[in-house]
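See below for the structure under consideration.
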Amino acid sequence: MASVDVTQPARRPFSGRRVHLGDVLLQGVAGLAAAGASALVLLIAWKVVDGARPSISKYGISFVWHVVWNPVVGREAYGAGSFLFGTVITSFFALLLATPLAIGIALFLSELAPNWIKAPVTALVEMLAAVPSVVIGLWGILVLGPALRSHIETWLHSGLGWIPLFGAPSAAGASLFTAIVVLAIMILPIVSSISRELFLGVPHELKEGALALGTTRWEMVRGVVFPYARGGIAAALILGLGRAMGEAIAVTQVIGGGVFIHWSLFSQGDTLASKIAAEYQGATSNLDIASLIYLGVILLALSLLANLTAQWIVRSVARQHGVTRGGHA
């Protein structure tokens, strides 16, 4: 047996490696890219807040809940309450509508679909994310809106009209409900693609072990796949929610507009993003411009909150999985 000299300190395996110019350049370029992205986010946030400063100084935090928007010079009054309400309603119901469809698509493509159909269906679902929002908005005006008004909205109102959410359909055709369906279509490929990758990432040993114990495929999905991927699915849903809150063009085309809070999904309304897109170019005064930018500040804060929440969920679940695996090792 060879003896070990314990008097000499152990050398680190790579302590004597020469520093190469390529390594330095790679680290520098990557560091600059990361610093540039961080600086860009801070610059955007600073510029938006600076542009909204006149409105922030005049209205303060009360701007968030005031339901008024009067751009007439001399009688100007602004508030984001109506648009914030429209943003929350459309985004929440769009996510509620898209979630089961997206998870169903992801399960089909990862666990149930025959091999010959997986590739084309996956490509078509992902291609949906590449369709320009203005095209989806036009389709919403020409096809989806009239179809929903003539069939779905009328049917829901006749059966559930006693619930405030399902009031009388709007004669104009544009409505919160049309915007909700359009947003659900737009976030569907995002949530389904992320969920599919999460389901494919579940270790085969866990799934095969569950099936070997006599469980059905549904029981395996419910007891193994969903628990393993639930944190990632939650993060995907929050990212989809952030996407829905920030959509402007398609929503502007189908939501109709209006400065009021109501609970009927079949009436017209507005969101933070659609209000900015519809009126920024025609703003009549500096306070009008600043108030529209203030809407952007609120929207930026909501989007950053959604992204930070998604990152926190992913990291928390990753730590839990690491502890669990470590405990079983």
| message | For residue 84, only one of the following conditions fails: (1) within 19 Å of the chain's Cα centre (by Cα); (2) more than 24 Å from residue 266 (Cβ to Cβ). What is its number? | response | (2)
| field | Of all residues making up the stretch 87-145, the number that are part of a loop (DSSP other than H, G, I, E, B) and either within 26 Å of residue 235 (Cα to Cα) or hydrophobic (A, V, I, L, M, F, W, C) (or both) | value | 5
| message | Can you say whether residue 19 is modelled with pLDDT under 90 and over 30 Å from residue 263 (Cβ atoms), as far as the supplied structure shows? | response | yes
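Among the residues of the stretch 170-180, which ones are assigned to a helix (DSSP H, G or I) and open to solvent by less than 20 Å² (accessible area, probe 1.4 Å)?
Across the stretch 170-180, the qualifying residues are 176, 178, 179, 180.
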| Among the candidates 229, 250, 210, which residue alone is within 22 Å of residue 97 (Cα to Cα) and without any contact (Cβ under 8 Å) to a residue 60 or more places away in the chain? | 229
| said: If I ask for residues that are among the β-branched types (Val, Ile, Thr) and in a loop (DSSP other than H, G, I, E, B), which ones from the stretch 235-280 would you list? | reply: 259, 261, 271
| Taking the stretch 33-79, which residues are assigned to a loop (DSSP other than H, G, I, E, B) and either touching a residue at least 12 places away in the same chain (Cβ under 8 Å) or open to solvent by less than 80 Å² (accessible area, probe 1.4 Å) (or both)? | 52, 65, 66, 67, 68, 71, 72, 73, 74, 76, 79
| request: Kindly list, by first and then second residue, each pair from a residue in the stretch 101-122 that is over 14 Å from residue 193 (Cβ atoms) to a residue that is among the hydrophobic types (A, V, I, L, M, F, W, C) and in a helix (DSSP H, G or I), limited to pairs with Cβ atoms under 7 Å and residues at least 6 apart or on different chains. | output: 111/199; 111/221; 113/121
| task | Pull up the stretch 146-169, narrow it to residues that are free of Cβ contacts under 8 Å to residues at least 24 places away in the same chain and not in a helix (DSSP H, G or I), then point me to the one that is most open to solvent (accessible area, probe 1.4 Å). | result | 162
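The values are calculated or read from the model by the stated rules, or taken from the named source; none is laboratory data. Only a predicted model underlies this, so the values are computations on that prediction, with no experimental measurement involved. We place every Cβ from the backbone using ideal geometry, glycine too, and count neighbours over all the protein chains shown. For accessibility, only protein heavy atoms count, side chains too; no ligands or nucleic acids. Shrake-Rupley method; radii C 1.70, N 1.55, O 1.52, S 1.80 Å.
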